[in-house]
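Here, each number is a calculation from the coordinates, and none is a lab measurement. All values reported here derive from a predicted model rather than from experimental measurement. Methodologically, a virtual Cβ is constructed for each residue, glycine included, from the backbone with ideal geometry; neighbour enumeration extends over all protein chains shown.
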Amino acid sequence: MKKTQIIFAISLVIFLISLTQVAVYTQGRETDASNCFLLGWLELENNIAWLANPLLFISWLALLLKQVKVSVISSLIAFCLSLFYFSSKTIIIDEAGNESAIISFGAGYYLWVTSCLCMVVGSSILLNSSNKEKHSKLF
């Protein structure tokens with residue numbers, strides 16, 4: 001396997017595992033990461049952290065298309081947005097828009113952040129190594 005495929009696979013597997021875990025604990029309730037992923041767009045008016053998902057997908061696609069700079073930038077923005085979710089005090093807990101106070105974050109959230117971080121680190125390493133190769137060819 002190529003480096004790009006390994007980085008993509010690691011990030012994707014961590015992301016998929018995150019969807020099977022609890023992401024947020026609220027008063028008497030647990031919210032799975034899959035629910036956050038599917039319904040997170042409902043909170044865009046108050047919390048833009050969900051936008052990390054499409055940016056993470058863009059970084060995966062860019063990496064596979066060998067657009068490493070785009071992958072680094074989109075994954076870095078995705079990582080920052082995923083961390084922004086720490087500032088959330090409430091979460092929408094159902095389709096009706098009812099909210100509940102966030103007590104703590106679960107493994108699903110931390111794995112999601114880790115998936116974004118893997119893309120930042122992996123893409124940055126690839127970009128750095130390709131820049132070194134280009135530089136060494138000049139001399």
Listed residues Ala33, Ala101, Ala62, most fluctuating in the chain (Gaussian network, C-alpha, under 10 Å)
Ala101
Nearest 10 degrees is fine. How inclined is helix 3-18 to the longest principal axis of the chain, computing both from alpha carbons?
10 degrees
Mean separation of Cα contacts under 8 Å (at least 6 apart) over the residue count of the chain, i.e. the relative contact order in percent, is 35 percent
Expressed as an acute angle from 0 to 90° and rounded to the nearest 10, what is the orientation of the C-alpha long axis of helix 68-84 relative to the principal long axis of the chain?
20 degrees
If I model the chain as equal point scatterers sitting on the Cα atoms and use the Debye formula, what is log10 I(q)/I(0) at q = 0.11, 0.17, 0.18, 0.22 Å⁻¹?
-0.43, -0.85, -0.93, -1.24
When Glu45, Glu30 are arranged by how many other beta-carbons sit within 10 Å of their Cβ, fewest first, they go Glu45, Glu30
Using only Cα atoms and rounding to the nearest 10 degrees, what angle (0 to 90) does helix 52-64 make with the longest principal axis of the chain?
20 degrees
Between Ile77, Ile17, Ile103, which gets the highest mean-square fluctuation from a Gaussian network model of the chain, Cα cutoff 10 Å?
Ile103
Rough spin-label spacing in nm, given labels placed 7 Å along Cα→Cβ, for Arg29 and Asn128:
4.3 nm
Across the chain, how many lysine pairs separated by 8 or more positions, or lying on different chains, have Cα atoms within less than 16 Å?
7
Long-range amide H contacts for Val24: which residues qualify at under 5 Å (H placed 1.01 Å from N, peptide plane, sequence gap of 5 or more or a different chain)?
Thr31, Gly106
HN-Hα J couplings of segment 29-41 from phi, Karplus 6.51/-1.76/1.60, θ = phi - 60°, integer Hz, Gly and Pro as x?
8, 10, 10, 5, 4, 5, 5, 4, 5, 6, 10, x, 5
